[in-house]
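These notes concern the structure reproduced below.
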Amino acid sequence: MYIFIGSLVHTLDRTTIQYSTRSIVGVGSTGIIDFIVHDVFSDQLEDVLKELLATEEFRAKGWSAEKAKRIVLSHGEFLLPGFIDTHTHAPQFPNISRGQQYELLDWLNHVTFPAEERLADVEYARKIYREVVKRVLSFGTTTCCYYGSLHLEATKALADECLLAGQRAFVG
C-alpha cells in the first residue's frame with residue numbers, strides 16, 4: 001500500500017483537466033487507487049490521513065497510516081493516473097503470436113500487410129479496433145498513441161472507438 005503526496009493531474013471529462021498541487025493518493029495492495037484527497041496543506045496531512053483511514057471502509061481493506069509506504073513527490077514532479085503507451089500499431093493486434101516462423105520482412109509481407117488490407121472494410125476495421133481498444137484499456141493503459149493503417153476511414157473508426165470507450169488517444 002502506498003500513499004503518494006504531491007501534485008496530481010488528471011482529466012475529469014474529455015475537455016476538463018484538474019490539477020492539484022496538494023493531493024494525497026492512496027494505492028491499495030491490489031494496485032487500485034482507493035482514495036484521492038485534494039487541497040491538503042502539509043499541516044493538515046496527518047489529521048486528514050488519520051480520519052480517512054479510521055473509517056470502516058479503509059480498515060476493511062487493511063489500510064493504516066503506519067503500514068503504508070509514503071512517497072512524497074518533489075517540486076516539479078506530478079502523478080498522472082494510468083499507463084501511457086506512446087507507440088501502438090493497432091492494425092497489428094490481430095497478428096499477435098502469428099507468423100513467428102518469419103523474419104521481419106517476411107512477416108510483414110505474409111502476415112501484416114495482408115491483414116491490414118482487410119481494414120479497407122470499415123465495418124471490419126471497427127470490429128477489430130473495438131477489441132484493440134478494449135484490450136489496451138484492460139492493461140490499464142488510459143492514454144495511447146495509436147498508429148492506424150493507410151485506410152483513412154478505418155483510422156477514423158479507431159479514433160471513434162477510443163472516444164466511445166473513454167480512452168484518451170492520439171490516432172494517426
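Of all the stretches in the chain, which is the longest one without any exposed loop site, taking chymotrypsin sites (Phe, Trp or Tyr not before Pro) in a DSSP loop (any state but H, G, I, E, B) with at most 13 other Cβ atoms within 10 Å?
By the stated rule (loop sites, at most 13 other Cβ atoms within 10 Å), 42-138.
Would you mind checking which residues have amide H under 5 Å from Thr11's amide H? H placed 1.01 Å from N; only 5 or more apart, or other chain.
Gln18
Where in the chain is the longest stretch that carries no GluC sites (Glu not before Pro) classed as loop by DSSP and with at most 10 other Cβ atoms within 10 Å? Kindly include the intermediate steps, with their values, before the conclusion.
Numbers: sites that count: Glu66, Glu103.
Result for the longest clean stretch: 104-172.
Applying the Karplus parametrisation 6.51 cos²θ - 1.76 cosθ + 1.60 with θ = phi - 60° to the phi angles of region 100-111, what ³J(HN,Hα) value in whole Hz is obtained for each residue in order, glycine and proline being reported as x?
5, 6, 9, 6, 3, 5, 5, 4, 4, 6, 9, 10
How big is the charge dipole of the chain about its Cα centre, in debye rounded to the nearest 20, if each Lys and Arg gets +1 on its Cβ and each Asp and Glu gets -1 on its Cβ?
That gives the chain a dipole magnitude of about 200 debye.
How much of the accessible area of region 35-103, in percent, comes from carbon and sulfur atoms when a 1.4 Å probe is used?
For region 35-103, the apolar C and S fraction of the accessible surface comes to 53 percent.
Could you tell me which residue out of Gly148, Leu108, Leu163 lies farthest along the dipole of region 104-172 toward its positive end? Charges go on the beta carbon: Lys and Arg +1, Asp and Glu -1, centred on the Cα centre.
Checking the options against the dipole of region 104-172, the answer is Leu163.
In terms of modelled amide H atoms, which long-range or inter-chain residues lie less than 5 Å from the amide H of Gly148?
The list, which skips near neighbours in sequence, is Gly172.
Probe of 1.4 angstrom, ligands and nucleic acids ignored: what's the accessible area per residue over region 1-83, in square angstrom?
Counting only protein heavy atoms, the per-residue value for region 1-83 is 67 Å².
Tell me the angle of helix 152-165 to the major Cα principal axis of the chain, expressed in degrees between 0 and 90 and rounded to the nearest ten.
Rounded to the nearest ten degrees, it is 30.
Under a point spin-label approximation (7 Å from Cα along Cα-to-Cβ), what is the Leu105-Leu12 distance to one decimal in nm?
For the pair Leu105/Leu12, the computed spacing is 5.5 nm.
Lysine pairs, Cα distance under 22 Å, 8 or more residues apart or cross-chain: how many in the chain?
Close lysine pairs found across the chain: 6.
The values are calculated or read from the model by the stated rules, or taken from the named source; none is laboratory data. Just so it is clear, the structure is predicted and the values come from calculations on it, not from any experiment. Heads up, the Cβs are rebuilt from the backbone with ideal geometry, glycines too, and the neighbour counts pull from every protein chain shown. Ligands, DNA and RNA are stripped out before the accessible areas are found, and what is left, the full protein with its side chains, is counted by its heavy atoms. Shrake-Rupley method; radii C 1.70, N 1.55, O 1.52, S 1.80 Å.
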